[in-house]
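As structure tokens, the structure follows; a few thoughts come after it.
The values are calculated or read from the model by the stated rules, or taken from the named source; none is laboratory data. Values in this document were obtained by computation on a predicted structure and should not be read as measured data. Glycine also receives a Cβ, built like all others from the backbone with ideal geometry; neighbour counts cover every protein chain displayed. Each accessible area value is taken on the protein alone, full model and side chains, heavy atoms only, with ligands, DNA and RNA left out. Shrake-Rupley method; radii C 1.70, N 1.55, O 1.52, S 1.80 Å.
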Amino acid sequence: MSQHTGHLGTKPILGLFFGMAAPIAVGMLVHGLYNVVDAIFVTRIVGIDAMGGISIVFPIQMLVFAVITLIGHGMASIVSRHLGAKNDEAAQATTDMALRLSLVLGIVVSAAIYFNMAAIFEFIGVSETLAPYAYEYLTPLALIGFPLIFIGNLPGDILRAEGKAMIMMISMVLSAVVNILLDAIFIYGLDMGVAGAAYGTILSQVFGIALVMYFFLTGKTHLKITLFAYKFDWQVVKNIVILGIPILISHAGVSIFIGFTNYSLSQFSDIDNDLYISAYGLIGRCVMFAILPLIAMTIAFQTIAGYNYGAQLYGRVRQVIKVGLIACMSYGTGMSLLMILVPEPIIGIFSSDIELINVTTSIALWVFLFFPLSNAHALISALFQAIGKARQAIFLSSLRIYFLMLPALIVLPALYGLDGLWWAYPVADVVAFTVVVYFLFRERRNLNRLDLVSKQPAPNKEA
């Protein structure tokens with residue numbers, strides 16, 4: 001089975017990185033279109049308040065996604081290193097434990113959200129205008145969508161741990177096309193409103209799961225989908241959770257920050273609160289779409305770094321750090337220039353409402369000002385997760401949101417009003433980047449030391 005993964009330790013890093021990242025990025029961008037299409041259909045057909053209702057639900061979706069990625073990323077980190085060390089049996093057992101954990105958490109999290117929706121909406125301050133749309137959108141997701149995505153995302157994480165970029169791209173592109181078609185049918189054709197967007201997402205998930213399972217069942221993958229094939233191992237589950245905590249912290253932090261921002265916007269007395277929440281929701285969609293290529297680069301980066309670290313090819317780990325940083329910061333610079341200099345044509349895709357476009361454009365300046373630095377922070381944080389250094393990964397994943405953005409979100413608006421709310425982004429980006437660069441240089445010295453040790457000749461046992 002080694003022919004499935006051996007290229008991760010032999011192909012030139014530059015070609016390997018872009019060869020993996022490019023198809024994943026294409027797949028994720030096409031798949032991410034459903035977020036954009038949802039927003040376009042909902043804003044233009046149902047109305048701006050409907051977009052506000054979906055925006056209120058977005059932090060809840062991000063929190064669910066955070067728990068899902070805890071399992072997937074923790075598992076992928078372990079599996080990549082096992083494959084690099086040629087320990088296929090341990091890699092297969094790890095996927096088995098991850099599937100069991102995903103099944104249990106999917107049921108628990110979905111039930112908790114469904115039975116506590118009223119309390120959740122009251123806590124985050126949903127207005128009477130937006131509440132009906134929020135209920136209509138979240139109910140089918142909590143009942144059906146979230147349990148499906150808990151199970152359906154894990155096979156994709158197994159594929160990325162193997163470096164199966166093309167299979168990932170095919171599954172993401174086709175499921176995204178299905179989602180877009182269903183959006184058009186349910187929202188526009190059948191006039192189902194925001195519920196149509198939710199059901200389109202759910203059915204596309206079913207299609208995506210079936211498609212990925214086809215690849216596993218027909219022998220096109222290195223590992224197999226197994227459930228209860230191995231004796232339950234608490235240590236493996238513990239390792240999955242510990243290494244998944246950094247990504248959980250990161251995504252949960254985004255959810256908390258978005259929710260807190262929405263709440264803050266609802267408290268200002270001198271603005272149209274629902275308009276600003278809708279505008280911030282559109283910025284959130286733009287950010288999520290903009291970071292998809294970064295996520296693809298991070299997936300390729302983690303897979304290559306983890307495999308080669310497990311194979312003790314530390315020079316290749318250093319190479320992929322350099323390539324990954326140049327790529328993600330170059331891309332981030334391009335996105336910053338686009339969203340700062342000419343945001344109107346992009347925002348105008350969602351709505352023709354001049355007031356909404358103006359408010360959204362003013363927010364975009366601050367959110368995208370130091371986008372390249374936030375990209376670098378995310379990539380370097382992923383390095384420590386890839387090589388199994390959970391303590392550093394947890395700290396760096398917590399840094400930007402919990403230690404910088406949330407405190408800034410509390411302090412700056414109190415001092416500078418609405419403008420202070422948006423200044424939290426550039427302040428956090430600059431400080432987090434400075435700290436993460438220090439950690440990177442320290443780890444590079446460690447990689448240099450390990451590389452020298454690995455190249456020393458083995459001691460002569462006959463001596």
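A compact table of results
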item: Candidates Phe215, Phe186, Phe257 - the one that is surrounded by 17 or more Cβ atoms within 10 Å (Cβ to Cβ) and without any contact (Cβ under 8 Å) to a residue 24 or more places away in the chain; result: Phe186
item: One residue from Ile240, Ile277 being touching a Gly at 6+ places or on another chain (Cβ under 7 Å), within 30 Å of Pro345 (Cβ to Cβ) and open to solvent by less than 20 Å² (accessible area, probe 1.4 Å); result: Ile277
item: The stretch 443-463, subset part of a helix (DSSP H, G or I) and open to solvent by 100 Å² or more (accessible area, probe 1.4 Å), residue modelled with the lowest pLDDT; result: Lys455
item: Filtered residues of the stretch 327-359 (kept if touching a residue at least 60 places away in the same chain (Cβ under 8 Å), buried (at least 16 other Cβ atoms within 10 Å of the Cβ) and assigned to a helix (DSSP H, G or I)); result: Ala327, Ile346, Ile347, Leu356, Val359
item: Subset of the stretch 362-387 [open to solvent by 30 Å² or more (accessible area, probe 1.4 Å) and of a type outside the set (A, V, I, L, M, F, W, C)]; result: Ser362
item: Test: residue in the stretch 388-404 that is of a type outside the set (S, T, N, Q), within 30 Å of Lys238 (Cα to Cα), open to solvent by 20 Å² or more (accessible area, probe 1.4 Å) and touching a Leu at 6+ places or on another chain (Cβ under 7 Å); result: yes
item: Test set (1) open to solvent by 40 Å² or more (accessible area, probe 1.4 Å); (2) modelled with pLDDT of 75 or more; (3) under 20 Å from Leu103 (Cβ atoms) - Leu227 fails condition number; result: (2)
